[in-house]
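Peer 1: Next up is a structure, given as structure tokens.
Values quoted throughout were computed directly from the atomic coordinates according to the rules given, and no laboratory measurement underlies them. For clarity, every value in this text was computed on a predicted model and none was experimentally measured. All Cβ positions, glycine included, derive from the backbone under ideal geometry; neighbour counts span all protein chains shown.
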Amino acid sequence: MDDLEADLTSWQSFYLAGRMQKPILVLRDDPRIRLANITNRTHALRLVSLLFDQPSVKEDTWLATMVGLSFRGDFRGRMSGLEDAKKIEKVVWGQREDLRAIYRLPAEDMKEQVQWDTVNRTVKLDQDPKARAAHFLKLPLSFQNSVLHRMKILFAEIPRDNPSTVAAKVVSQPNFHDSLHKALVDCTYWKTIAQSIKGIFTAGLSNSFVYAGRKVRKGRTKK
């Protein structure tokens, strides 16, 4: 439980945290995990807000980006046939109300930066550098550091006593969006490989090939 709580709040790997940003079936309720996942989903909403540089997006696009965060670095998605190409869309279409319920309160807490209109199915985003800087500074510190590393900026260069001004300059840099995406991909990529290797040893090599074969056939039939 401690590892899960840490992953949800600090995004150590984003593997489990990313999966739990979607509607899930809770088999065992734990107050610590429930609270940690609220933090996790709030982080996700802030990250999605940063991934868009336009002032308004369609709700479907917004939710699909939210659902797809943890799949960006999943190597299985890059291998033809291993994943259903419409997997993310199906989650959005089939669980729209669940997703709205999950993210309604976090969105209301930042309504000055995120205005979610469920009637017209649009999301308006404040693109002012100060608003975007506020999102960035409230992401997990390790993730901030990963983004800054890709931008060739040392984390120590952002003063902790008054970081907003510097962060506003950071989010305005031309390579910020690309660095944000790369940090997200790298956060997930190696963990999905490790989990897949672990699955091979746990299930056995022959069972793993059978499972992969089923995934390929399933992916082909749903194209």
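Peer 1: Give a residue-ordered list of calculated ³J(HN,Hα) values for the range 115-129 (Karplus: 6.51 cos²θ - 1.76 cosθ + 1.60, θ = phi - 60°; whole Hz; x for Gly, Pro).
Peer 2: Computed from phi, the couplings for the range 115-129 are 10, 9, 9, 6, 6, 8, 6, 9, 10, 9, 10, 6, 9, 4, x Hz.
Peer 1: If you don't mind, there's one more thing I want to ask. Rg and Dmax of the range 1-52, Cα atoms, in Å?
Peer 2: My reading of the Cα-based Rg and Dmax gives 10.8, 35 Å.
Peer 1: Could you pull out every residue, at least 5 positions away or on a different chain, whose amide H is within less than 5 Å of the one on residue 122? Hs are placed 1.01 Å off N in the peptide plane, and Pro or chain starts have none.
Peer 2: Those qualifying (amide H under 5 Å, at least 5 residues apart or on another chain) are 59, 117.
Peer 1: In the structure displayed, which of 22/138; 86/152; 87/111; 86/130 lie more than 26 Å apart, Cα to Cα?
Peer 2: The pairs that break the limit, which is 26 Å between Cα atoms, are 86/152; 87/111; 86/130.
Peer 1: Right, something else. Students often check this: by mean Cβ neighbours within 10 Å, which of 51-58, 32-39 ranks highest, and how do the rest follow?
Peer 2: 32-39, 51-58
Peer 1: Expressed as a whole percent, how much of the Cα-Cα distance distribution for the range 1-147 exceeds 17 Å?
Peer 2: When all Cα pairs of the range 1-147 are counted, 62 percent exceed 17 Å.
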